[in-house]
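Notes to accompany the following structure.
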Amino acid sequence: MSTDYRGLAADGLWLKNPALVQLLGLCPLLAVSTTLVNGTILGIVTLFVLTASNLLISLVKDFLDERIRLPLQIMVIATFVTCADLALQHWLFEIHQRIGLFVALIVTNCTVLARAESFASRNPIRASVVDGFMMGTGFLLVIMLLSGIREILGQGTLFQGLALVFDPQIFGITDADLVIRFNFDGLLLVILPPGAFLTFGCLLAAKNWLMQHE
Amino acid sequence: MSSHKKPLITFIVLAAFCGLLVSMSNLLSRDRILENQIRFAQKQLLEIANDPQTELLEIEADVYQLRSGGEITGVVFRQSTSKGYNGNISFWLGVNTEGEILGVRVISHKETPGLGDKIETSVSDWIHTFAGKSLENLQEGDWAVKKNGGVFDQFSGATITPAAVIEGVETGLVHFESRSSIWAGSTEQLIDPTTETLNTGENNEY
């Protein structure tokens, strides 16, 4: 039986989107989505961890005994999170200074464990990698959308902190060159934790409305 | 029997592989991360010194002397406060030879984004209002936000965070005024900066 890769993509990006439909991994989604740059970086790291852990779990799935499957999955996930954390400190130190706490917490993002447990430990390697990548991309898109909306409405800026991504000694750009500033101070509530829930609730409503009218 | 052995072998092999991955990444990134940490600290310190020619000399853990042409122009030290909204706020506090603040830079904090994070230079200019202030040119009651009768601006919607930083800075100044030996002692023995000043730092132990 050939694997339905288009189905996997549709599931990850829309039909079973981890954030918008399964409502998994909401802690980092809501906590880090204060600026687009922070949200995007966390989304990319999550995408990497999901794909890598799905790959490794799928590789060893025939040897995973039911009694030790969960601890082993957590171990694999924690390994990739640690590697990603170190990589972030290596290449994007100042970004890590801002979101480092939540990078470590990706271990507890239920999306990652859910995909390892419900998909990667039962499916062939290639399908598992595609599934991890698509679910990760689905999460990344939602966190980008949410953090973009919150940054614009809450702070009246976009791309704040983008200069931190580039090495100042090579590129010589500062935030002043990159940040788009809108002509208002922003609604404080949107940046605060309740604002995260409210904005996310609006996104959910929009998604449900779209699905009903498809 | 073999049904018990199989999971154990999987466990050992996978754990070994994961351990290998983590130690490899640690090995590959360790030096660069350490370098990043130092560079990040130095960047903040030089911002405080406001002069790229300044040399930095660590005389004890988290205490740096700023020197220009061999002469001490100031001291920067690490200070922290737990009076913030959420957890510790730690920052560098730079003072010149007259006891005036050269600058303050937040190293780490967990204050509310969009509210308390105005203490960061990337978000707001607020932290720059400390420059030039000293225990002499401000009264004791002035070390507070305007709402509480002081001279510092509060943030709209947040007074706890700025109040904590202000108090932390004042405490830092008082603390280091009483330890003026750090300056005086090392000014006299400026012969070989690297070794001599390191020794002054350790003198406390004897």
Q: Give the shape of the stretch A:56-104 as rounded, prolate or oblate, defined through the alpha-carbon gyration tensor: a ≥ b ≥ c are the square roots of its eigenvalues, a/c under 1.5 means rounded, and otherwise the shape is prolate if a/b is larger than b/c and oblate if not.
A: prolate
Q. Under the Karplus relation 6.51 cos²θ - 1.76 cosθ + 1.60, θ = phi - 60°, what is the ordered set of whole-Hz ³J(HN,Hα) values for the stretch B:121-137, x standing for Gly and Pro?
A. 5, 6, 9, 8, 8, 3, 4, 6, 5, 6, 4, x, 6, 8, 5, 7, 8
(Q) Give me the inter-chain shielding for B:37-44: mean count of other chain Cβ atoms within 10 Å, whole number please. (A) 1
Q: Would you mind computing, in nm to one decimal, how far apart the modelled labels at A:HIS213 and B:VAL13 are, each placed 7 Å from Cα along Cα→Cβ?
A: 5.4
Q.
I need the shape label for the stretch A:5-212. Rule: rounded when a/c is under 1.5, else prolate if a/b > b/c, else oblate, with a, b, c from the alpha carbon gyration tensor.
A. oblate
Q | Across B:LYS83/B:LYS118; A:LYS61/B:LYS6; B:LYS110/B:LYS133; A:LYS16/A:LYS207, pairs whose alpha-carbon gap is larger than 18 Å | A | B:LYS110/B:LYS133
Q. Which longest uninterrupted range of chain A lacks any trypsin sites (Lys or Arg not before Pro) assigned by DSSP to a loop state (not H, G, I, E or B) and surrounded by at most 14 other Cβ atoms within 10 Å?
A. A:123-214
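Give me B:LYS133, B:LYS83 sorted ascending by neighbouring Cβ count inside 10 Å, so fewest comes first.
Working: B:LYS133 21, B:LYS83 15.
By the 10 Å Cβ count, ascending, the order reads B:LYS83, B:LYS133.
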Q: Using only alpha carbons, build the gyration tensor for the protein assembly as shown and give me the equivalent ellipsoid semi-axes, biggest first, whole Å.
A: 47, 29, 17
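Of A:THR34, B:THR171, how do they rank once you tally other Cβ atoms within 10 Å and put the fewest first?
Numbers: A:THR34 29, B:THR171 16.
Least to most surrounded, the residues fall as B:THR171, A:THR34.
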Q) Which one of A:ALA163, A:THR199, A:LEU188 has its Cα pushed farthest toward the positive end of the charge dipole of the stretch A:5-212, where Lys and Arg give +1 and Asp and Glu give -1 at the Cβ? A) A:THR199
(Q) Using alpha carbons only, how many angstrom separate the centre of the stretch B:9-85 from the centre of the stretch A:119-144? (A) 36
Q: Sort the stretch B:32-168 into rounded, prolate or oblate with this rule: let a ≥ b ≥ c be the square roots of the eigenvalues of the Cα gyration tensor; rounded if a/c is under 1.5, and if a/c is not under 1.5, prolate when a/b is larger than b/c, oblate otherwise.
A: oblate
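Cβ neighbours within 10 Å, averaged per peptide: list A:36-46, B:9-19 in order, most packed at the top.
Ranked by mean Cβ neighbours within 10 Å, highest first: A:36-46, B:9-19.
Every read-out reported here was derived from the displayed coordinates using simple, explicitly stated rules and does not represent laboratory data. Quick caveat: nothing in here was measured; it's all calculated off a predicted structure. Cβ coordinates were reconstructed from backbone atoms using ideal geometry, including for glycine residues, and neighbour counts include every protein chain displayed.
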